[in-house]
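Worksheet: one structure, shown below.
The values are calculated or read from the model by the stated rules, or taken from the named source; none is laboratory data. Every value quoted in this text rests on a predicted model; they were computed, and no experiment measured them. Here Cβ is always computed from backbone atoms with ideal geometry, including for glycine, and neighbour counts include all displayed protein chains. Note: areas computed on protein heavy atoms with side chains; ligands, DNA, RNA excluded. Shrake-Rupley method; radii C 1.70, N 1.55, O 1.52, S 1.80 Å.
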Amino acid sequence: MVIDKADRLDKFMEGVIARNPGETEFHQAVQEVATDIIPYMADKPIYKDLRILERMTEPDRVISFRVVWEDDKGDLRVNRGFRVQQNNAIGPYKGGIRFHPSVNQGMLKFLAFEQVFKNSLTGLPMGGGKGGANFNPKGRSDREVMRFCQAFMTEMFRHIGPETDVPAGDIGVGSREVGYLFGQYKRLVNRFEGVITGKALDFGGSYVRPQATGYGAVYMMEEMLSHHGEHVEGRSCLVSGSGNVASYCAEKLIDMGAKVLTLSDSSGFIHAKEGLTQDQVAWIKELKTVRRGRIEEAAKEFGLKYYKGKNPWGIAGELVFPCATQNEIDGEDAATLVKNGIRGISEGANMPTALEAIKVFGLAKNVLHAPAKAANAGGVAVSGLEMSQNSLHLQWPEAEVEARLRGIMRLVHDQCVEYGIQKGGHVDYFKGANIAGFTKVANAMLAYGVM
Ligand code: NDP
């Protein structure tokens, strides 16, 4: 029986790999979902007969375009932009834009695929998409970033809209870039409408959107722990990254009485044995978003230890929040973390754990592990709330948005428990998130017939 399930998964993955050659991150994301969904569909022939999973792994469309812009020296630069519109069965396409030199079609397809399940889990009417460009904003002047964003939007505007596809930020796309992108869209269509989320409060943004992903990852951890009669308070935490998600994750952890031992960037990590203070986190936030400096400077400023070229996973801590990038925890890192006795992982970044690492954590009896599609759903959830506020031409108070975010993270957690609970009460959060996210989208696709 087990062999039969493995055979079906292997066969399904052979097809996915053959149809999407070289897109290894996309294969990884599909495999992680299919591992749970194929057995789930075994006694539900309607999903199998109507090839729902095959249809979900094929994006509705992938748009690829040239972006030409002029640098400060007057030289022309050429980049490649993308928008992957993965699935709009339950709402307009929704997902961030990433500017990073590593961006390619396969990476964005993995992110768009994940986004479909995540958005479904929030309970809000949002489909899944993702976009970006192989542009590196690091070291570029504000004017260069502005010209790039304007050139990018000059093509992308024709493919998006408040009821069609609503992008947001991601790696390399923060409030500065969102401002330039939205400004150019508004100029091109001559309409002020909620086409991008993550806007500043002055022009249609929502309270708590910048904080939402990091805060949400902490709330998810608190939900998992309290389900077992435990709490975040008093725990030591390892956080990676020092961008939007990591900094607000650290802020909320300190707020809730936990100790944040580490933060990192792509050059190395800092270790604060006694835990970072709220003032230090605020300083680092300013360093990364305004001065655009390196985390090493924080070590110098506060007399902390800096580990060049390393990630924080060798440090002993109880709760783990990977908030930097995909595959930042490999099998070996996972084994080290388990050996050091960690209690929980809440994934702030998308797909930060390699398949090997997921296996290692799964075999460790005492580790609670929330996958990204559940743990970082707070960001897109508040983006969904920003869309609602934009269409109502209203701005809800901060306390109201924060309360809604808290409620949505509880809902996400409870759906994981409902679909992921095992004999003996252990919760498989990966299985729970995959099945809960899948059913809503799959049922909508069934209702529409063959398309
Ligand atoms: P930012 O650009 O604000 O920060 C990214 C951070 O990760 C930086 O500290 C960066 O370091 C580090 N980083 C990036 N690439 C690598 C790498 N290859 N190796 C090591 N470190 C790296 O991005 P966000 O905080 O917005 O996003 C972080 C993660 O969270 C991503 O996986 C994103 O998809 C996910 N996410 C973000 C959401 C949001 O609301 N922003 C919503 C849901 C998920 P450096 O400064 O050196 O580049």
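Worth a mention:
- Filtered residues of segment 229-282 (kept if open to solvent by 30 Å² or more (accessible area, probe 1.4 Å) and on the phi > 0 side of the Ramachandran plot): Gly229, Gly234, Gly257
- Selection status of Ala357, open to solvent by less than 10 Å² (accessible area, probe 1.4 Å) and in contact with a Cys (Cβ under 8 Å, 6 or more places away or on another chain): no
- The residue of segment 271-282 that is nearest to the ligand (Cβ to nearest atom), among those that are part of a helix (DSSP H, G or I) and out of contact with any helix residue (DSSP H, G or I) (no Cβ under 7 Å at 6 or more places or on another chain), is Ala282.
- So Gly123, is it at positive phi and touching a helix residue (DSSP H, G or I) at 6+ places or on another chain (Cβ under 7 Å): yes
- Filter pass, Ile254 being within 16 Å of the ligand (Cβ to nearest atom), at pLDDT 95 or above and not small (Gly, Ala, Ser): no
- Entirely in segment 350-451, the helices (runs of 4 or more DSSP H) that have 1 or more residues that are outside the structural domain of Val338 (by TED's automatic domain parsing): 372-375, 377-392, 398-420, 429-448
- Qualifying residue in segment 88-99 (condition: under 22 Å from Cys416 (Cα atoms), touching a Gly at 6+ places or on another chain (Cβ under 7 Å), charged (D, E, K, R) and not assigned by TED's automatic domain parsing to the domain that holds Asp265): yes
- Evaluation of Phe203 against (1) in the same structural domain as Tyr307 (by TED's automatic domain parsing); (2) surrounded by fewer than 19 Cβ atoms within 10 Å (Cβ to Cβ) (one fails), failing number: (1)
- Residue in segment 168-185 that is over 26 Å from Pro101 (Cα atoms) and more than 21 Å from the chain's Cα centre (by Cα) present: no
- When restricted to residues that are touching a helix residue (DSSP H, G or I) at 6+ places or on another chain (Cβ under 6 Å) and buried (at least 18 other Cβ atoms within 10 Å of the Cβ), segment 140-165 contains 4.
- Segments classed as strands (runs of 3 or more DSSP E), wholly inside segment 77-184, with at least 2 members that are closer than 22 Å to Ser266 by Cβ: 93-99, 128-133
- Taking segment 321-367 as the range and being away from the ligand (no atom under 13 Å from the Cβ) and within 24 Å of Gly172 (Cβ to Cβ) as the test, only Ala354 passes.
- Considering segment 283-311, the residues that are more than 25 Å from the chain's Cα centre (by Cα) and not in a helix (DSSP H, G or I) include one that is surrounded by the most Cβ atoms within 10 Å (Cβ to Cβ), namely Leu304.
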